[in-house]
Amino acid sequence: MGRTSLIQWEAPRFYKSSRASAVVFTVNTSIDNQWVTTASPHGLTVGDLVVFVEDGGLPAPLVAGTIYSVFENASTNNFTITLNGADIVTFTTNGSAPNEYENYSVSTILTNFIVTADNAINRAFWHESIINNHREIVNADKMHWQLEFRLQLFKTASVSTRRANFDELFGYLYSDVFVSRFNEDGVGSVVIRDSLGVPVTFVMDSFETSFLTQANYEDILTIGLKSKDPIDLSETF
């Protein structure tokens with residue numbers, strides 16, 4: 001997975017694993033070889049995650065089941081996609097209709113935050129004896145990855161909005177989430193992937209609820225996430 005801190009933590013967004021209903025799309029390389037086109041307004045924003053479903057024959061080089069990020073809203077009915085946050089996918093064929101995509105429909109963007117942890121956890125892959133405290137490394141090549149954010153929700157003017165933001169984030173506790181953020185040159189938003197290019201599934205496993213006890217919710221809220229599975233650290237993604 002590599003050093004994720006090389007990537008700018010600008011406008012990170014959490015995406016739950018639930019997807020919206022499938023939407024039919026087309027590609028027409030004679031008009032624009034980067035546009036994904038829909039008959040109705042797509043309603044997607046930059047960074048949103050989409051997965052393409054093959055019903056006819058997907059336009060090349062799309063791969064069914066792969067998670068892509070929306071790179072830009074070209075228009076109400078057109079958008080472009082990326083895998084790495086910097087390069088737009090260019091289509092070489094139109095594919096055979098019908099084809100569909102599904103987008104991850106439940107997401108939350110973080111604002112007014114500080115990143116306090118963005119690193120591997122060695123301890124996650126130790127066997128530890130309760131009797132003599134002996135530790136044995138299970139897999140030296142793979143580790144969990146942890147993320148921690150300190151959110152300054154008190155910077156939101158409205159008290160009711162602070163509580164609404166709290167409740168929204170609390171809804172992610174113990175849920176599987178993908179995390180996206182801008183890449184190192186700030187060109188585009190991209191989901192965090194492992195060294196094989198597979199999106200990393202995180203679980204929000206800690207949530208500082210003492211925030212609720214502060215007058216007008218003026219305390220800092222700390223949340224933590226860990227990768228659900230071991231991550232290959234042999235390459236920087």
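Residues are listed down the side, and each one gets a yes or a no for (1) more than 29 Å from residue 143 (Cβ to Cβ); (2) of a type in the set (A, V, I, L, M, F, W, C):
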site: 21; (1), (2): yes, no
site: 28; (1), (2): yes, no
site: 36; (1), (2): yes, yes
site: 59; (1), (2): yes, no
site: 67; (1), (2): no, yes
site: 77; (1), (2): yes, no
site: 83; (1), (2): no, yes
Output for segment 26-41, where each listed residue is in contact with a Phe, Trp or Tyr (Cβ under 8 Å, 6 or more places away or on another chain) and either modelled with pLDDT under 95 or closer than 9 Å to residue 91 by Cα (or both):
27, 28, 29, 33, 34, 35
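Would a scan of segment 55-63 turn up a residue that is in contact (Cβ under 8 Å) with a residue 60 or more places away in the chain, buried (at least 16 other Cβ atoms within 10 Å of the Cβ) and either part of a loop (DSSP other than H, G, I, E, B) or not assigned by TED's automatic domain parsing to the domain that holds residue 197 (or both)?
Of segment 55-63, the ones in contact (Cβ under 8 Å) with a residue 60 or more places away in the chain are none.
No; the residues of segment 55-63 include none that is in contact (Cβ under 8 Å) with a residue 60 or more places away in the chain, buried (at least 16 other Cβ atoms within 10 Å of the Cβ) and either part of a loop (DSSP other than H, G, I, E, B) or not assigned by TED's automatic domain parsing to the domain that holds residue 197 (or both).
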Tally up the residues in segment 1-24 that are among the aromatic types (Phe, Trp, Tyr) and either at pLDDT 90 or above or closer than 17 Å to residue 70 by Cβ (or both), please.
2
Report, by residue number, each residue of segment 62-120 that is farther than 27 Å from residue 202 by Cα and of a type in the set (Gly, Ala, Ser).
74, 75, 95, 96, 97
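Looking only at segment 169-194, filter to residues that are modelled with pLDDT under 80 and not β-branched (Val, Ile, Thr); which one of those is farthest from residue 18 (Cα to Cα)? Before you say what the answer is, go through the steps one by one.
Residues of segment 169-194 that are modelled with pLDDT under 80, as a first pass: 182-190.
Pick out the ones that are also not β-branched (Val, Ile, Thr) and you get 182-186, 188-189.
Details: 182: 22, 183: 24, 184: 28, 185: 30, 186: 27, 188: 23, 189: 20 Å.
It comes out as 185.
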Considering every residue within segment 82-89, establish whether at least one is at pLDDT below 90, more than 14 Å from the chain's Cα centre (by Cα) and not assigned by TED's automatic domain parsing to the domain that holds residue 164.
yes
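Name the residues in segment 21-47 that are among the small types (Gly, Ala, Ser) and loosely packed, with under 15 Cβ neighbours inside 10 Å, would you?
Quick first cut of segment 21-47, residues among the small types (Gly, Ala, Ser) only: 21-22, 30, 39-40, 43, 47.
Of everything in segment 21-47, those that are among the small types (Gly, Ala, Ser) and loosely packed, with under 15 Cβ neighbours inside 10 Å turn out to be 21, 30, 39, 40, 43.
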Verdict on residue 166 being touching an Asp or Glu at 6+ places or on another chain (Cβ under 8 Å) and either at pLDDT 80 or above or part of a helix (DSSP H, G or I) (or both):
no
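Here is a check on your reading of the model: is residue 15 part of a strand (DSSP E or B), surrounded by 15 or more Cβ atoms within 10 Å (Cβ to Cβ) and free of Cβ contacts under 8 Å to residues at least 24 places away in the same chain? Don't jump to the end; show me each part of the working.
Values: part of a strand (DSSP E or B): yes; surrounded by 15 or more Cβ atoms within 10 Å (Cβ to Cβ): yes; free of Cβ contacts under 8 Å to residues at least 24 places away in the same chain: no.
Considered against the rule, which asks whether it is part of a strand (DSSP E or B), surrounded by 15 or more Cβ atoms within 10 Å (Cβ to Cβ) and free of Cβ contacts under 8 Å to residues at least 24 places away in the same chain, residue 15 comes out as no.
The values are calculated or read from the model by the stated rules, or taken from the named source; none is laboratory data. Predicted model, so just to flag it, every value in this text is computed and none were measured. Here the Cβ is made from the backbone with ideal geometry for all residues, glycine too, and neighbour counts use every protein chain on show.
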